[in-house]
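Single-structure report; data block below.
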Amino acid sequence: MSFWRTLVDLFLPRHCVVCGTELDGTEQDLCNVCLCRISPVTWTSATDNPLLRTLWDRHDVEAAGSSFYYNASSDFHNIFIAIKYQGCPKLGERLARFSFPVWHTMGLGQGVDYIVPVPLSLSRRLKRGYNQAEWIASGVVASTGIPLCTDVLVRSKSNETQTHKSASQRQENTRNIFVARKGRTDLNGRTILLVDDIMTTGATLGDSIRALRETFPTVRVQIYTLGWAGER
Ligand SMILES: [Zn+2]
């Protein structure tokens, strides 16, 4: 532990975002106990798993994966709240950086040209100050070296929060909220890895894919989310 870290912790103690325990100099945002309690997904295939099967009937997705199980009573719930709402997006970057390599060895991200985070609307981005999906995507960039692409996909409408909506309400709430624009990056014939924080029904990711395919009909899509809220 560095002298300065010790000194800062003495006067400005940091606390675990899950259990509130005071952190020591080697811990960041999460204490080691809570870090060990996060449940990693146990899927063993990037081309046949619950996330992919949820999307297969609606969208053509090559491969997909998630790192952690998520539900409202899980420890990951508090981690997600911290990442998304409490100004701790770097925690998302670190969790993705350390957990994505497992998926990379199973083929996810292989042959990918660009990593595309699901965007927030401009108003929500300005209010929050950051896009948590972009930070998670940065963790994937750090572990793979694949370039980030943030100039193509745009959230044109600020939809209502999805938190308390049913599956059918989520589908309706996210219909036609994204557009993909032709700019410096042509995605036709390219493969992208679409990245979001959590997948619940796939409504947000589904509308992102629709928008991308409308503008780039031959783009190939893979998906990675840090959390998975569906069946185990
Ligand atoms: Zn803790």
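For Val221, which sequence-distant residues (separation of 5 or more, or a different chain) have an amide H within less than 5 Å of its own amide H, given hydrogens modelled in the peptide plane?
Long-range HN contacts for Val221: Glu62, Ile192.
Of all DSSP beta bridges located in the chain, what percent are antiparallel, nearest 5?
Numbers: 5 of 24 bridges.
Bridges in the chain that DSSP calls antiparallel: roughly 20 percent.
How far apart, in nanometres, would the label points at Arg58 and Leu148 be if each is projected 7 angstrom from Cα along the Cα-to-Cβ direction?
Modelled inter-label distance: 2.7 nm.
Carbon and sulfur: what percent of the chain's accessible surface (1.4 Å probe)? Before the final figure, lay out the partial values.
Numbers: 5970 of 11330 Å².
About 53 percent, which is the carbon plus sulfur part of the accessible surface.
Evaluate the charge dipole of the range 47-113 about its Cα centre and quote only its size in Debye, nearest 20, assuming +1 on the Cβ of each Lys and Arg and -1 on the Cβ of each Asp and Glu.
Details: 6 positive and 7 negative charges, 68 e Å.
With only Lys, Arg, Asp and Glu charged at Cβ, the dipole is about 320 debye.
Taking the chain as the region of interest, what is the percent of Cα-Cα pairs per 5 angstrom bin, listed from the shortest bin to the one with the maximum distance?
Percent of pairs per bin, in order: 1, 7, 14, 18, 20, 17, 11, 6, 4, 2, 1, 0.
For the residue pair Asn32 and Glu214, what label-to-label distance in nm results when each label sits 7 Å from Cα along the Cα-to-beta-carbon direction?
5.1
Using Cα-Cα distances under 8 Å and only pairs 6 or more residues apart, what relative contact order does the chain have, in percent?
The value is 22 percent.
Per 0.36 nm of contour for each residue apart, how much would the distance between Arg124 and Arg181 grow if the chain were fully extended, relative to their Cα-Cα spacing?
18.5 nm
The values are calculated or read from the model by the stated rules, or taken from the named source; none is laboratory data. This is a predicted model, so every value here is computed, not measured. We place every Cβ from the backbone using ideal geometry, glycine too, and count neighbours over all the protein chains shown. Heads up: the accessible areas ignore ligands, DNA and RNA and are worked out on the full protein's heavy atoms, side chains in. Shrake-Rupley method; radii C 1.70, N 1.55, O 1.52, S 1.80 Å.
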